[in-house]
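Let me begin by presenting the structure, written as structure tokens, before commenting on it.
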Amino acid sequence: MNAYDVIIKPIRSEKSYEGIADKKYVFVVDRRANKTQIKAAVEEIFKVKVEKVNTVNVRGKYKRQGRSEGYTSQYKKAYVQLTAGSKSIEFFDSLT
């Protein structure tokens, strides 16, 4: 799997913004990717050193609007902690 196939997009929320100061970043990743593939992809794309990766499988929520009903998409979320000596990711620096 290509590094750009593993990392789909960053998650931009209040909780994810709180972690930027501590070099913790949150990404939506491919559901088939494991922690070592996620670590390698982040290191390759952003040229940083990753200390650890935690992952969460997020189930789709049941939603309805009027008569139509269904579930939102399932996805996998990865919390990436960079090492203390590593530089920060420039993309997130502009958001804070």
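Rule-based calculations on the coordinates, nothing more; no lab input. Nothing here was measured: the structure is a model prediction, and the numbers come from that model. Backbone-built Cβ (ideal geometry, glycine too); neighbour counts: all protein chains shown.
Most tightly packed first, judged by the mean number of other beta-carbon atoms within 10 Å of their residues, the peptides 76-88, 58-70 read 76-88, 58-70. What FRET efficiency would be calculated for the residue pair Tyr4, Tyr62, taking the C-beta separation as r and a Förster radius of 25 Å, to the nearest 0.05? For Tyr4 and Tyr62, the calculated efficiency is 0.20. Lysine pairs in region 3-83 whose alpha-carbon atoms fall under 16 angstrom of each other, counting only those eight or more residues apart or on distinct chains, come to 29. The charge dipole of region 3-83, taken about the Cα centre with unit charges on the Cβ atoms of Lys, Arg (+1) and Asp, Glu (-1), comes to about 340 debye, rounded to the nearest 20. For the chain, the relative contact order comes to 30 percent (Cα pairs under 8 Å, sequence separation of at least 6). Comparing Val29, Phe92, Thr72 along the charge dipole axis of the chain, the residue lying farthest to the positive side is Thr72, per the Cβ-charge model. Note on the chain: helix-only mean residue ellipticity at 222 nm, from DSSP H runs of 4+ residues weighted -39500 (n - 2.57) and normalised by residue number, equals -6000 deg cm²/dmol.
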